[in-house]
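Working notes, structure below.
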Amino acid sequence: KYKDKKYLTLILSEEVRSQDVLIAMIRISGNSYARELTWNFLKDNWDEFYKRYGHGGHTMPKVIKAATSRFSDLDKYNEVKKFFEENPVDYAKMAVKQSLETIKVNSSFVKNNEKEIEDWLKKYIPR
């Protein structure tokens, strides 16, 4: 349905400079259709991401946030938490913690406002 999978596979190719990986991850994960795809891509390619960015610097924490912090359900919270318990990145612990907190906040927002948002969308967005 969406071309983001093609773009994600390019991220780890030699065609994309390593400093541009973060920008690509942020852009692609910002698309609601590609959010899950981005997270799965990070998990499926974790060894390569860790090899490249898992030993310091600013990229790994930002990649983690890009791939996880826009989720809004507690099942995804548990999945992300479990993944990083099994695949820790010591210097990116704060990024994982912040992403998990953001997922909880997002989940709470959806839970508390879902009906109002749905009603508003029905009223103002034609089908």
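The values are calculated or read from the model by the stated rules, or taken from the named source; none is laboratory data. All figures in this text were calculated on a predicted structure; none of them were measured in a lab. Glycine gets a Cβ as well: all are built from the backbone with ideal geometry, and neighbour counts include every protein chain shown. Just the protein is used for accessible areas: all its heavy atoms, side chains included, with ligands, DNA and RNA removed. Shrake-Rupley method; radii C 1.70, N 1.55, O 1.52, S 1.80 Å.
Key figures
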| quantity | calculated |
| --- | --- |
| Residues located in region 3-37, provided they are farther than 19 Å from Met60 by Cβ, assigned to a helix (DSSP H, G or I) and touching a Leu at 6+ places or on another chain (Cβ under 9 Å) | Asp4, Lys5, Leu37 |
| In region 81-91, residue surrounded by the fewest Cβ atoms within 10 Å (Cβ to Cβ) [restricted to those that are touching a helix residue (DSSP H, G or I) at 6+ places or on another chain (Cβ under 8 Å) and at pLDDT below 95] | Tyr91 |
| In region 71-119, the residues that are among the acidic types (Asp, Glu) and over 27 Å from Gly57 (Cα atoms) | Asp73, Asp75, Glu114, Glu116, Glu118, Asp119 |
| Residue within region 103-125 that is part of a helix (DSSP H, G or I), closer than 28 Å to Glu48 by Cβ, free of Cβ contacts under 8 Å to residues at least 24 places away in the same chain and open to solvent by 70 Å² or more (accessible area, probe 1.4 Å) present | no |
| Test: Tyr33 is closer than 30 Å to Ile117 by Cα and aromatic (Phe, Trp, Tyr) | yes |
| Matching residues in region 63-80 - criterion: being more than 19 Å from Gly30 (Cβ to Cβ), surrounded by fewer than 17 Cβ atoms within 10 Å (Cβ to Cβ) and either touching a residue at least 12 places away in the same chain (Cβ under 8 Å) or within 13 Å of the chain's Cα centre (by Cα) (or both) | Leu74, Glu79 |
| Members of region 19-62 that are open to solvent by 60 Å² or more (accessible area, probe 1.4 Å) and polar (S, T, N, Q) | Gln19, Ser32 |
